[in-house]
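Below is one structure, written out as structure tokens; comments come after it.
The values are calculated or read from the model by the stated rules, or taken from the named source; none is laboratory data. Just so you know, these numbers come straight off a predicted model, no measurement behind them. Cβ atoms come from the backbone with ideal geometry, glycine included; neighbour counts cover every protein chain shown.
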Amino acid sequence: MRTIIYTGKGGVGKTSLAAATAMASAAKGHRTLVMSTDSAHSLGDSLQVPLSHDPVKVADGLWGQEIDVLVEMERHWSEISGYLETLLKSQGVEDITAKEVVVIPGMELITALLLLERYEREGKWDVAVVDTAPTADTLRLLSFPDAVQWYFDRFFKLEKRMMKVARPTVGRLMHTPLPSDRFFESLQELYLRFRRVREMLSDPDRCSVRLVLNPERMVITETQRAYTYLCLFGLPIEMLIVNRVFAEQEDGKFLQKVLEEQKANLGLVEEYFGGVPMRRSPRYPHEVLGLDRLRQLAKDVFGSEDPAKIFSRSRPVRFFSKGGKKYVQIELPFAGKETLEVFSRADTLFVKVGWYKRTLLLPYAYVGSRVGTANFSSGSLLIEFLPPAGGAKHGA
Ligand SMILES: Nc1ncnc2c1ncn2[C@@H]1O[C@H](COP(=O)(O)OP(=O)(O)OP(=O)(O)O)[C@@H](O)[C@H]1O
Ligand SMILES: [Mg+2]
């Protein structure tokens, strides 16, 4: 299996290029899998095909997959995540938050690396294209197998020995739960798999990294840094793709199209973030570098107002749990009461109050929960969530 990892600064076009590469690879007759490891999954949006945690067929010879850490944790690492969750709760971390914290940002890539290790063993795909989160996270995580090894080598044996002593003594006195033997077995298995991931990542015959960038100074600088780090960790950099290069001759129609698309998208911004005070700043014909241009940007956003003033004290959306139930409270001060429509699908909540429409991305702890009751009064919508039907934690 050949693994191609796309990485680069936020928004440069990683997802688009990963999807495009995968499609072209499948068209060449390779059994291809394209996998998103960015928790803000947009691969499905890019392909315009709804994806899930398990590979979904997108076209002939092409499958797509968006890593869902929660599913993966429940299937394979319940021992580890379960312990971490219990530990956090014992320290007074709230129920909902504990679940979010266990799924640390970046877990998607770690999960993906382990999946790649499995896919490679199984020989199911010829090519795996990986779409990652922006560079900083990705770099840290690509070096994760190294770090894991370092920690394990030093602490693992020591830690386990200490636990043997600690459980009958400390465990009884303190409210801190101690990990079980199975926890350590899971960790050890993880360790061995990471070693194989490490081997795969550094072998240019099996794995290559492609850096995506735009012809902008800030992007180029970050890419330079990424380049150095990738070299430092011995990851093979195979290609550089400069995306969003304007053609030499663009006409007025080009701009017209850009403006039309922008208008539609600004409408979406209203729908998603309605309650939050909003300002706009223009697209300049140059990058915003240096003090003069920064000053101009501030002026365009804030005018003569004090940028440090408190523009709003509202909490447009609040997530909380009470009596074992989860709630979302949404402030909709301008909404009428005539009709109220509320439903959730996977990780998204859809709300329609009269003419007012809102779409909200739910945190992990809510994914798969069903909407129970919804109450709208004095400009505030309170939604109660019920546990998933039939015990399944995911899906519609
Ligand atoms: N060459 C291009 N011309 C015009 N638009 C593009 C081009 N490449 C990408 N885009 C658009 O730019 C946006 C961001 O692209 P994309 O999602 O591929 O970037 P990304 O690097 O994956 O972003 P993120 O860091 O958020 O994951 C998308 O709307 C995409 O359709
Ligand atoms: Mg992306």
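Could you grab the pairs with beta carbons closer than 6 Å, sequence gap of 6+ or different chains, first residue in the range 117-135 and in the same structural domain as Met107 (by TED's automatic domain parsing) and farther than 24 Å from Leu192 by Cα, second one β-branched (Val, Ile, Thr) and within 16 Å of ligand 1 (Cβ to nearest atom)?
Asp131/Thr15; Thr135/Thr7
With the requirement that a residue be modelled with pLDDT of 90 or more, surrounded by 21 or more Cβ atoms within 10 Å (Cβ to Cβ) and not β-branched (Val, Ile, Thr), what does the range 208-234 give you?
The answer is Leu211, Leu213.
Strands (runs of 3 or more DSSP E) wholly in the range 1-101 with at least 3 residues that are surrounded by fewer than 21 Cβ atoms within 10 Å (Cβ to Cβ) and modelled with pLDDT of 95 or more - which ones?
56-59
Kindly indicate the residue of the range 115-135 that is at pLDDT below 90 and within 16 Å of ligand 1 (Cβ to nearest atom) and also nearest to Val34 (Cα to Cα) among those meeting that condition.
Thr132
Return the total of residues in the range 274-302 being β-branched (Val, Ile, Thr) and touching a helix residue (DSSP H, G or I) at 6+ places or on another chain (Cβ under 7 Å).
Matching residues across the range 274-302 total 1.
Somewhere in the range 55-70, is a residue within 11 Å of ligand 1 (Cβ to nearest atom) and hydrophobic (A, V, I, L, M, F, W, C)?
No: the range 55-70 contains no residue that is within 11 Å of ligand 1 (Cβ to nearest atom) and hydrophobic (A, V, I, L, M, F, W, C).
Given the options Thr32, Thr15, name the one that is within 13 Å of ligand 2 (Cβ to nearest atom), touching a helix residue (DSSP H, G or I) at 6+ places or on another chain (Cβ under 6 Å), of a type in the set (Ser, Thr, Tyr) and in the same structural domain as Arg121 (by TED's automatic domain parsing).
Result of the check over Thr32, Thr15: Thr15.
From the list Gly64, Gly8, which one is on the phi > 0 side of the Ramachandran plot and within 16 Å of ligand 2 (Cβ to nearest atom)?
Gly8
Please name all residue pairs, on different chains or six or more residues apart, with Cβ atoms under 7 Å, provided the first residue is in the range 261-290 and is within 16 Å of Val301 (Cα to Cα) and the second residue is aromatic (Phe, Trp, Tyr).
Cβ pairs passing all conditions: Pro277/Phe311.
May I ask you to list the residues in the range 7-27 that are of a type in the set (A, V, I, L, M, F, W, C) and either within 15 Å of Ala226 (Cα to Cα) or away from ligand 1 (no atom under 12 Å from the Cβ) (or both)?
Answer for the range 7-27, where residues must be of a type in the set (A, V, I, L, M, F, W, C) and either within 15 Å of Ala226 (Cα to Cα) or away from ligand 1 (no atom under 12 Å from the Cβ) (or both): Val12, Ala22, Met23, Ala24, Ala26, Ala27.
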